[in-house]
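K.L.:
What follows is a structure written as structure tokens; I'll ask about it next.
The values are calculated or read from the model by the stated rules, or taken from the named source; none is laboratory data. Not measured: the values here are computed from a predicted model. Neighbour counts run over all protein chains shown; Cβ positions are idealised from the backbone, glycine included.
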Amino acid sequence: MYRIVLLAAVLNLLYVAVEASVGFWQGSTALLSDAGHNLSDVLSLVLVLIAFRHRDKERIVALINALLLLAAVLLIIAESVRGLVAPVPVNGAAVSWTAAVGILVNGLTVLLLNHGRSDLNVRSAFLHMLADTLVSVGVVISGIVIAYTGWTVVDPIVSLAVALLILIPSVRLLRDILHPHDHHDGE
């Protein structure tokens, strides 16, 4: 599992470089923000690698990962509200194509991590990457709608919906970390 997580970290770091480059090239703050968020997911994967080597730190690493995921949700919500209040012009096509690559990279990472979900740290990284996949799907949809209609308000609305979808498993993960013997979920 260590090699799989290492491969996932490398793939995601490469995607962050591509996404940030396109964000700078297109002047897209949405892509740059998402690249920053994806960089936090690379950190999450690195933390899982550390937990593999230091099993005595496993719960603290899982807690840090869960808190990073919640922080990412809060940032997405804050950016969404800012976008609703003050919409900015967005190149829908560039955003959609870049996010489509994100679906491939994050989806591959989710498939790779799926086999190790019994490990709390792998599960936290799995949720990070699943959340990113959902974010990328939302960004593709919003980019297509923006490209065809010019309605830039769609971007923050989709982002807000995705943030709420991410929040539920994030809270469950945090609960499982803080109360390891209370297993109420149906997973």
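K.L.:
Checking the conditions here, which among 71, 35 is among the aliphatic types (A, V, I, L, M) and without any contact (Cβ under 8 Å) to a residue 24 or more places away in the chain?
P.N.:
Residue meeting the stated conditions: 35.
K.L.:
Give the residues of the range 42-55 that are at pLDDT 80 or above and not small (Gly, Ala, Ser), sorted by residue number.
P.N.:
42, 43, 45, 46, 47, 48, 49, 50, 52, 53, 54
K.L.:
Name, by its number, the condition in (1) within 26 Å of residue 60 (Cα to Cα); (2) in a helix (DSSP H, G or I); (3) in contact with a Phe, Trp or Tyr (Cβ under 8 Å, 6 or more places away or on another chain) that does not hold for residue 102.
P.N.:
Only one criterion in (1) within 26 Å of residue 60 (Cα to Cα); (2) in a helix (DSSP H, G or I); (3) in contact with a Phe, Trp or Tyr (Cβ under 8 Å, 6 or more places away or on another chain) is unmet by residue 102, namely (1).
K.L.:
OK, next. Given the conditions (1) in a loop (DSSP other than H, G, I, E, B); (2) of a type in the set (A, V, I, L, M); (3) crowded, with 23+ Cβ neighbours inside 10 Å, which single one is not true for residue 8?
P.N.:
Here residue 8 meets the rest and fails (1).
K.L.:
Given the residues 162, 153, which is the only one that is of a type in the set (Val, Ile, Thr), in contact (Cβ under 8 Å) with a residue 40 or more places away in the chain and buried (at least 17 other Cβ atoms within 10 Å of the Cβ)?
P.N.:
The unique qualifying residue is 162.
To keep it simple, each residue is scored yes or no on (1) modelled with pLDDT under 90; (2) surrounded by 23 or more Cβ atoms within 10 Å (Cβ to Cβ); (3) not in a loop (DSSP other than H, G, I, E, B).
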site: 94; (1), (2), (3): yes, no, yes
site: 110; (1), (2), (3): no, no, yes
site: 117; (1), (2), (3): yes, no, no
site: 130; (1), (2), (3): yes, no, yes
site: 135; (1), (2), (3): yes, yes, yes
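Every residue, every condition in (1) within 13 Å of the chain's Cα centre (by Cα); (2) not small (Gly, Ala, Ser), yes or no:
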| position | (1), (2) |
| --- | --- |
| 64 | no, yes |
| 69 | yes, yes |
| 73 | yes, yes |
| 79 | no, yes |
| 89 | no, yes |
| 92 | no, no |
| 96 | no, no |
| 100 | no, no |
| 105 | yes, yes |
